[in-house]
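**Student:** Supplied in structure tokens, the structure appears directly below.
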Amino acid sequence: MKESKVFDCTMIEFDKHSHVKGNISVIENGKTVPFDIRRAYWLYDIPGGKSRGGHAHKDLRQLIVAVSGSFTVTLDDGNVKRTFLLNRPYQGLLVVPGIWRTLDDFSSGSVCLVLASHPYSEDDYIRNYEDFIEYKK
Ligand code: TYD
């Protein structure tokens with residue numbers, strides 16, 4: 001999506017069921033997520049100081065959740081950058097297509113869950129920043 005802006009990306013609050021035994025948060029297609037989830041993957045055991053991401057997607061929509069610990073997500077539409085701190089398991093960051101993203105500052109033991117709108121496809125990636133800027137023109 002060439003025209004997308006970082007302002008199209010937003011934090012979403014999930015249902016949270018609190019109980020003396022602990023909490024449950026829930027995400028359902030058609031309710032809390034504005035796309036059908038077709039894939040889930042998670043990043044874990046990320047060594048201190050390492051970055052993830054560093055690419056954009058042409059069609060993929062994603063919801064990024066810090067299910068444990070914390071990290072930052074920096075979004076870039078080629079014009080404006082926005083950085084979000086993800087540190088609550090009941091919140092998620094909606095990332096629309098055509099946004100360059102970088103994930104940094106992973107706390108020790110953090111887990112980054114990503115819910116995605118499509119199966120994995122390398123063709124959907126833009127992995128070179130100059131190509132991304134060209135794509136957004
Ligand atoms: P990538 O999305 O580049 O990682 P990150 O954005 O977290 O830094 O994925 C790294 C590699 O993992 C990629 O080259 C292929 C593999 N992979 C899959 O096979 N399936 C998937 O769904 C994902 C997300 C990655």
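The values are calculated or read from the model by the stated rules, or taken from the named source; none is laboratory data. Keep in mind that what you see is a predicted model, and the values were worked out from it rather than measured. Backbone-built Cβ (ideal geometry, glycine too); neighbour counts: all protein chains shown.
**Student:** Hey, among the residues in the stretch 25-37 that are surrounded by 13 or more Cβ atoms within 10 Å (Cβ to Cβ) and over 14 Å from the mean Cα position of the chain (by Cα), which one's nearest to the ligand (Cβ to nearest atom)?
**Tutor:** Ile27
**Student:** If Asp123 satisfies all but one of (1) in a helix (DSSP H, G or I); (2) more than 16 Å from the ligand (Cβ to nearest atom); (3) touching a Lys or Arg at 6+ places or on another chain (Cβ under 9 Å), what's the number of the condition it fails?
**Tutor:** (2)
**Student:** How many residues, within the stretch 51-102, are assigned to a loop (DSSP other than H, G, I, E, B) and either within 16 Å of the ligand (Cβ to nearest atom) or in contact with an Asp or Glu (Cβ under 9 Å, 6 or more places away or on another chain) (or both)?
**Tutor:** Going through the stretch 51-102 one residue at a time, the tally reaches 14.
**Student:** For the stretch 39-80, which residues satisfy the criterion of being over 22 Å from Arg127 (Cα atoms), at pLDDT 95 or above and surrounded by fewer than 19 Cβ atoms within 10 Å (Cβ to Cβ)?
**Tutor:** Asp45, Val67, Ser68, Gly69, Ser70
**Student:** Among Val20, Val65, which is in contact with a strand residue (DSSP E or B) (Cβ under 6 Å, 6 or more places away or on another chain) and either more than 16 Å from Cys112 (Cα to Cα) or in contact (Cβ under 8 Å) with a residue 24 or more places away in the chain (or both)?
**Tutor:** Val65
**Student:** Also, quick follow-up: Tally up the residues in the stretch 2-50 that are assigned to a loop (DSSP other than H, G, I, E, B) and either hydroxyl-bearing (Ser, Thr, Tyr) or on the phi > 0 side of the Ramachandran plot (or both), please. Walk me through how you get there before you give the answer.
**Tutor:** To start, the set of residues in the stretch 2-50 that are assigned to a loop (DSSP other than H, G, I, E, B) comprises 2-5, 9, 14, 20-21, 27-28, 30-32, 34-38, 44-50.
If we keep only those that are either hydroxyl-bearing (Ser, Thr, Tyr) or on the phi > 0 side of the Ramachandran plot (or both) as well, we get 4, 30, 32, 44-45, 49.
Counting residues in the stretch 2-50 that are assigned to a loop (DSSP other than H, G, I, E, B) and either hydroxyl-bearing (Ser, Thr, Tyr) or on the phi > 0 side of the Ramachandran plot (or both) gives 6.
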